[in-house]
1. Go through the range 4-24 and report how many residues are more than 10 Å from the ligand (Cβ to nearest atom), surrounded by fewer than 21 Cβ atoms within 10 Å (Cβ to Cβ) and not in a helix (DSSP H, G or I).
2. Output the residues belonging to the range 92-125 that are more than 23 Å from residue 176 (Cα to Cα), modelled with pLDDT of 75 or more and touching a Ser or Thr at 6+ places or on another chain (Cβ under 8 Å).
3. For the subset of the range 25-42 comprising residues that are more than 15 Å from residue 162 (Cα to Cα) and over 16 Å from the mean Cα position of the chain (by Cα), which member is nearest to the ligand (Cβ to nearest atom)?
4. Looking at residue 146 and the list (1) at pLDDT 90 or above; (2) within 17 Å of residue 106 (Cβ to Cβ), which single condition is not satisfied?
Amino acid sequence: MRNIRHHPKPETLAEYAAGRLDEARSVVVSTHLTLCKECSRSVVDFEALGGACLETVEPEAMQAGSLAAFWERAGDQDILVSPSMHGFEAANDFSLSAAQPLGAYLDVDVDRIKWRAVAPGVSQHVLDAEGYRDGVLRLLKIAPGVQLPMHTHKREELTLIIRGAYRDAIGEFRPGDLADLDDDIEHAPTAFGDEDCICLIATSAPLVFKDLIGKIVQPFVGL
Ligand SMILES: [Zn+2]
């Protein structure tokens, strides 16, 4: 295996270790971990750190009447539960032990996938990520020389290269490389090389396209 140059951010690995990533992103990270010893070691360290923190927390007795006071305060307010809070609960429910690398989510071999064309030279296959709430897990196939429209992300997007390669303003991405992007980054990846670039992508919110073409095609391609 070649050297992997692009890895998840430390905070993404820490969240993964704590079981707090949504399922779509967990699949992408766990698939990267099967390829990357460096990140696997970081996750083990984060897990050990998390365990050590729990062990050093001394349980503290509640003050008399504090529970009653809590309910009194809670009763005074309308507690609004936003859709994202539902998502957060779901993420906490998600069992890390259930996280399987990509293979478990593919009903057929990569070479036999029935791709759906979404734009010239770009097709996708949406995977069922059981238990995800507001994230989507998909495979995207980009023909060599094709550039995706410039876009940013409302929240986070994790992209793992499975096959082929693409380049953008950040650098070149090849199999095993993982792009961990948030809304600071605007990019327009272009596939290059001899074969289609196939990426596994977990998107926690719709992409925000920067140009008119992107805005026009978005409702049709479902990206
Ligand atoms: Zn890594």
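The values are calculated or read from the model by the stated rules, or taken from the named source; none is laboratory data. Given the structure is predicted, the values throughout are model-derived calculations rather than measurements. When we count neighbours, we look across all protein chains shown, and the Cβ atoms used for this are built from the backbone with ideal geometry, even at glycine.
1. Residues meeting the conditions: 4.
2. Residues satisfying the conditions are 116, 117.
3. The qualifying residue nearest to the ligand (Cβ to nearest atom) is 38.
4. Every listed condition holds for residue 146 apart from (2).
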